[in-house]
Amino acid sequence: MSGKGGEKRGDKEGEDTGATRPFSFSPEPTLEDIRRLHAEFAAERDWDQFHQPRNLLLALVGEVGELAELFQWKPDAELGPQAWPPKERAALQEELSDVLIYLVALAARCRVDLPRAVLSKMDTNRRRYPAHLSRGSARKYTDLPQGATSKDQAVGTADLASESTGKAST
């Protein structure tokens, strides 16, 4: 199977055996496909009655916990999960899938268009973390130096505070 730009993917579906090559997701299924597949699955079992936002969130948190268990007590090896044995890689794939399924279901139930929300959030992050101020730094945007050099990159503390609280600065 070939990835984006002609990169060859691993022998198993969804597994890239090249540790140094850039990774890219397969084009399908889309988030909408995942939403539809889960909605059909739940409807066939009459589970919609259990899929209120709070329940979906708690299920998502539970799955994130199961994902975290896979990483617990593992050394910080250079290759990380790429070097895990096949059984552990399969568990990783399952738990990541569970997390994504519940995230998409929660977003759908809350009527949040995830692809558009991601684009909006990335735009916000670009303003909060200008590359020239945040490159190589793990500091939160409120702790970055306020010395933007270009008009497009200038973001004041008041602007950032209003973004995080949703209230306009005065």
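The values are calculated or read from the model by the stated rules, or taken from the named source; none is laboratory data. Keep in mind the model is a prediction, meaning the values are calculated, not measured. So basically every Cβ, Gly included, is an ideal-geometry build from the backbone, and we count neighbours across all protein chains shown. Quick note on the areas: whole protein, heavy atoms, side chains included, nothing else; ligands and nucleic acids left out. Shrake-Rupley method; radii C 1.70, N 1.55, O 1.52, S 1.80 Å.
The table that follows gives values for the structure above.
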quantity: Complete set of residues in the stretch 42-88 that are surrounded by 10 or more Cβ atoms within 10 Å (Cβ to Cβ) and of a type in the set (S, T, N, Q); calculated: Q52, N55, Q82
quantity: Tabulated pairs, the stretch 106-121, first touching a residue at least 60 places away in the same chain (Cβ under 8 Å) and within 18 Å of A42 (Cβ to Cβ), second open to solvent by 70 Å² or more (accessible area, probe 1.4 Å) and among the charged types (D, E, K, R), C-beta under 6 angstrom, 6+ apart or interchain; calculated: A108/R35
quantity: Residue check for K151: basic (K, R), assigned to a helix (DSSP H, G or I) and either open to solvent by 90 Å² or more (accessible area, probe 1.4 Å) or at pLDDT below 90 (or both); calculated: no
quantity: Qualifying positions in the stretch 107-135 - open to solvent by less than 90 Å² (accessible area, probe 1.4 Å), more than 23 Å from P53 (Cβ to Cβ) and not hydroxyl-bearing (S, T, Y); calculated: M122, D123, N125, R127, R128, P130, A131, H132, L133
quantity: Which numbered condition L133 fails, given (1) under 15 Å from A59 (Cα atoms); (2) at pLDDT below 95; (3) aliphatic (A, V, I, L, M); calculated: (1)
quantity: Failed item, numbered, when L160 is tested on (1) aliphatic (A, V, I, L, M); (2) within 30 Å of V104 (Cβ to Cβ); (3) open to solvent by 60 Å² or more (accessible area, probe 1.4 Å); (4) modelled with pLDDT under 85; calculated: (3)
